[in-house]
Amino acid sequence: MELKDILVRVGDRQIFQGLNLRSNARHIGLIGPNGAGKSTLLRLLQGLIVPEKGSIQVERPVGLVFQNPDHQILFPTVIEELTFGMTEGGMPAQEAEVEARDLALKHGACDLLELATHELSAGQKTLVCIMAVLIDQPKTVLLDESFSHLDLVTSRRMARMVREGPARVILSTHQTHLLQDFDEIIWLDRGAVQMQGSPTEVLKAYEEWGEQALRRPC
């Protein structure tokens, strides 16, 4: 993954000016305060945003899981949600259903396949969104605060599920406990990389920065 001299503006707001970032890590945690540019970075990597200037290299295809699963789920049943991408790509419906059932079996979700998506819990919806991305076998999986509404055990389980796959994973989160065993952490703030390195050093520095920020007057 490499971004060179990236310039992005959204309306009158400049998000990135001359952003440079490079990483060969397989499991990357993305941290930073609200407004740091984390979501914009993920959308750049996905291709939803095109920079005014600069170049982006990332292993494609890329799959993105949003924070709110209701913004991602399109179909009335889980099986339709999982098979849509494959059938749109030309796979026969019966073969796509077999693929979907195999994936659901792997992740202990067979009982969800025939359910209506609006009946699912928040955790079940997130699981469906992740499976819908993984079933297309992306080279890079992006997660934008995708576990923020889940309990501790469920969020850890889903983060582990994604990491165990073959794809590069970039997880943007405020839940730093999910990142302890990631390969690399990137700390963004005000559209710039503040620090990049191991979880031990970056998360410690980030926590210290947060403590200092709490003590500063508004």
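The values are calculated or read from the model by the stated rules, or taken from the named source; none is laboratory data. These numbers come from a predicted model, not from an experiment. Cβ coordinates were reconstructed from backbone atoms using ideal geometry, including for glycine residues, and neighbour counts include every protein chain displayed.
Residues are listed down the side, and each one gets a yes or a no for (1) of a type outside the set (Phe, Trp, Tyr); (2) farther than 21 Å from ARG190 by Cα; (3) modelled with pLDDT of 95 or more; (4) buried (at least 18 other Cβ atoms within 10 Å of the Cβ):
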residue: ASN24; (1), (2), (3), (4): yes, yes, yes, no
residue: LEU30; (1), (2), (3), (4): yes, no, yes, yes
residue: LEU44; (1), (2), (3), (4): yes, no, yes, yes
residue: PRO51; (1), (2), (3), (4): yes, no, yes, yes
residue: SER55; (1), (2), (3), (4): yes, no, yes, no
residue: VAL62; (1), (2), (3), (4): yes, yes, yes, yes
residue: ASN68; (1), (2), (3), (4): yes, yes, no, no
residue: HIS71; (1), (2), (3), (4): yes, yes, no, no
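Could you list, in sequence order, the residues of region 190-208 that are surrounded by 17 or more Cβ atoms within 10 Å (Cβ to Cβ) and out of contact with any strand residue (DSSP E or B) (no Cβ under 9 Å at 6 or more places or on another chain)?
Of everything in region 190-208, nothing turns out to be surrounded by 17 or more Cβ atoms within 10 Å (Cβ to Cβ) and out of contact with any strand residue (DSSP E or B) (no Cβ under 9 Å at 6 or more places or on another chain).
Which numbered condition trips up ASN34, out of (1) more than 21 Å from VAL141 (Cα to Cα); (2) polar (S, T, N, Q); (3) assigned to a helix (DSSP H, G or I)?
Condition not satisfied by ASN34: (3).
Quick check on my filter: what residues within region 34-61 are touching a residue at least 60 places away in the same chain (Cβ under 8 Å) and in contact with a helix residue (DSSP H, G or I) (Cβ under 7 Å, 6 or more places away or on another chain)?
VAL58
Quick one: would you say LEU179 is under 15 Å from the mean Cα position of the chain (by Cα), modelled with pLDDT of 90 or more, crowded, with 16+ Cβ neighbours inside 10 Å and under 25 Å from THR77 (Cα atoms)?
no
Is there a residue being of a type outside the set (D, E, K, R), closer than 30 Å to LEU19 by Cα and part of a loop (DSSP other than H, G, I, E, B) anywhere in region 188-206?
Yes - at least one qualifying residue is present in region 188-206.
Kindly establish whether ARG163 is outside the structural domain of LYS204 (by TED's automatic domain parsing) and in contact with a strand residue (DSSP E or B) (Cβ under 6 Å, 6 or more places away or on another chain).
It is true that ARG163 is outside the structural domain of LYS204 (by TED's automatic domain parsing) and in contact with a strand residue (DSSP E or B) (Cβ under 6 Å, 6 or more places away or on another chain).
Tell me, yes or no, whether region 152-161 has at least one residue that is without any contact (Cβ under 8 Å) to a residue 40 or more places away in the chain, of a type in the set (Gly, Ala, Ser) and assigned to a helix (DSSP H, G or I).
Within region 152-161 (the criterion being without any contact (Cβ under 8 Å) to a residue 40 or more places away in the chain, of a type in the set (Gly, Ala, Ser) and assigned to a helix (DSSP H, G or I)), the answer is yes, since at least one residue qualifies.
Okay, residues lined up against (1) assigned to a strand (DSSP E or B); (2) closer than 20 Å to THR140 by Cα; (3) among the polar types (S, T, N, Q):
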{"residue": "LEU30", "(1), (2), (3)": "yes, yes, no"}
{"residue": "LEU42", "(1), (2), (3)": "no, yes, no"}
{"residue": "GLU97", "(1), (2), (3)": "no, no, no"}
{"residue": "ARG101", "(1), (2), (3)": "no, no, no"}
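How many residues does region 44-61 contain that are assigned to a loop (DSSP other than H, G, I, E, B) and on the phi < 0 side of the Ramachandran plot?
Within region 44-61, the subset assigned to a loop (DSSP other than H, G, I, E, B) is 47-52, 58-61.
Then keep just the ones that are on the phi < 0 side of the Ramachandran plot; that gives 48-52, 58-61.
So the count comes out to 9.
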